[in-house]
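The values are calculated or read from the model by the stated rules, or taken from the named source; none is laboratory data. Being a predicted model, the structure only gives us computed values, none of them experimental. Every residue, glycine among them, receives a Cβ derived from its backbone with ideal geometry; neighbour counts consider all protein chains shown.
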Amino acid sequence: MVDAARPAKAFADLHCHSAASFDSLADPKAMMDKASRVGLTHLAITDHERIDGAQAAAAMAPPGLQVIVGEEIRSADGDLLGLFLREPVPPGLSASETAAAIHEQGGLVGLPHPFDSYRSSGGSKASMAEQKLEELAAIVDYVEIHNARAYRDANPLAAAFAQRHGLPGVASSDAHSVTEIGVSSTVLPGHFSTAEELRALLPQAGITPGRASYYVRLWTPLAKLVNRSRGNRRIHPPPPDATP
């Protein structure tokens, strides 16, 4: 029986960062207010190496918006996203170990911005060489084919990679500020509230590609400075050893 109260479609931003991240100052309540204003039904808060901020936000999410507890994890082989987590996944594990830890919790594994040369996890770096990307294709559940902060050919390369491997593609804001929430999103043909429901919908996902202003990205180094001065934020681990 169809629940008439549920929307026929879901609008999700599956990658964003709150003030719990070392490189963001975004207030979770303001993030959720913005998400509701722009029509999102789902917001995944994927802070670096921690899930406590996302858990707190999920507990106070407004009606009509589901906050997905997620995490962006710096594996030894590059960044991965985990959605629908109950426990944080530690950084520094291999990509396969990281993916296994996410799947053991019943979560979904995403590959974010794999070809963004401006990130230490980008595909042009030694840490995400072509061979490693091919290995990652076998263990992830979806690929971020449009990241609102990615420039040049990063998004087209990600889309081609996903198509080549038959993986679902999503679009995300990768927001580090409230302004960016929902600038890019994923449209799904039905409501979901669990990892398995989202997994079933992902092959039919559509994307709303948008781009964050280059100047908005200046908030990220500012946030790092502010959080470092406060001395009460976890610092992102150093990039994995890039030695071949």
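Out of His48, His42, one residue alone is in contact with a Lys or Arg (Cβ under 8 Å, 6 or more places away or on another chain), surrounded by 18 or more Cβ atoms within 10 Å (Cβ to Cβ), of a type outside the set (D, E, K, R) and within 20 Å of Ser177 (Cβ to Cβ). It is His48. Listed by first and then second residue, the pairs linking a residue in the stretch 144-166 that is surrounded by fewer than 21 Cβ atoms within 10 Å (Cβ to Cβ) to a residue that is of a type in the set (A, V, I, L, M), with Cβ atoms under 7 Å apart and 6 or more places separating them unless they lie on different chains, are Ala159/Ile145; His165/Ala137. Within the stretch 27-57, the set of residues being in contact with a strand residue (DSSP E or B) (Cβ under 7 Å, 6 or more places away or on another chain), among the small types (Gly, Ala, Ser) and in a helix (DSSP H, G or I) comprises Ala35, Gly53, Ala54, Ala57.
All conditions in (1) crowded, with 19+ Cβ neighbours inside 10 Å; (2) under 21 Å from Gly206 (Cβ atoms) hold for Ala8, with the sole exception of (1). All of (1) touching a residue at least 60 places away in the same chain (Cβ under 8 Å); (2) surrounded by 22 or more Cβ atoms within 10 Å (Cβ to Cβ); (3) in a strand (DSSP E or B) hold for Ser24 with one exception: (3).
Screening the stretch 159-179 for residues that are over 18 Å from Glu72 (Cβ atoms) and of a type in the set (S, T, N, Q) and picking the one that is nearest to the chain's Cα centre (by Cα) gives Thr179. Count of the stretch 124-156 residues, restricted to those that are more than 24 Å from Ala35 (Cβ to Cβ), modelled with pLDDT of 95 or more and assigned to a helix (DSSP H, G or I), is 1. Residues that are without any contact (Cβ under 8 Å) to a residue 24 or more places away in the chain, of a type outside the set (Phe, Trp, Tyr), closer than 20 Å to Leu198 by Cβ and touching a strand residue (DSSP E or B) at 6+ places or on another chain (Cβ under 7 Å): does the stretch 58-78 have at least one? Checked the stretch 58-78: at least one residue is without any contact (Cβ under 8 Å) to a residue 24 or more places away in the chain, of a type outside the set (Phe, Trp, Tyr), closer than 20 Å to Leu198 by Cβ and touching a strand residue (DSSP E or B) at 6+ places or on another chain (Cβ under 7 Å).
For the stretch 193-211, the criterion of being outside any helix (DSSP H, G or I), modelled with pLDDT under 95 and of a type in the set (A, V, I, L, M) is met by none of the residues. Of the residues making up the stretch 79-104, those that are of a type outside the set (A, V, I, L, M, F, W, C) and either touching a residue at least 60 places away in the same chain (Cβ under 8 Å) or assigned to a strand (DSSP E or B) (or both) are Asp79, Gly82, Pro91, Gly92. Counting only residues that are among the hydrophobic types (A, V, I, L, M, F, W, C), more than 15 Å from the chain's Cα centre (by Cα) and farther than 19 Å from Ile145 by Cα, the stretch 180-209 holds 1 of them.
Restricting attention to the stretch 49-67, which residues are among the aliphatic types (A, V, I, L, M) and within 13 Å of Ala20 (Cβ to Cβ)?
Within the stretch 49-67, Ile51, Ala54, Ala56, Ala57, Ala58, Val67 qualify.
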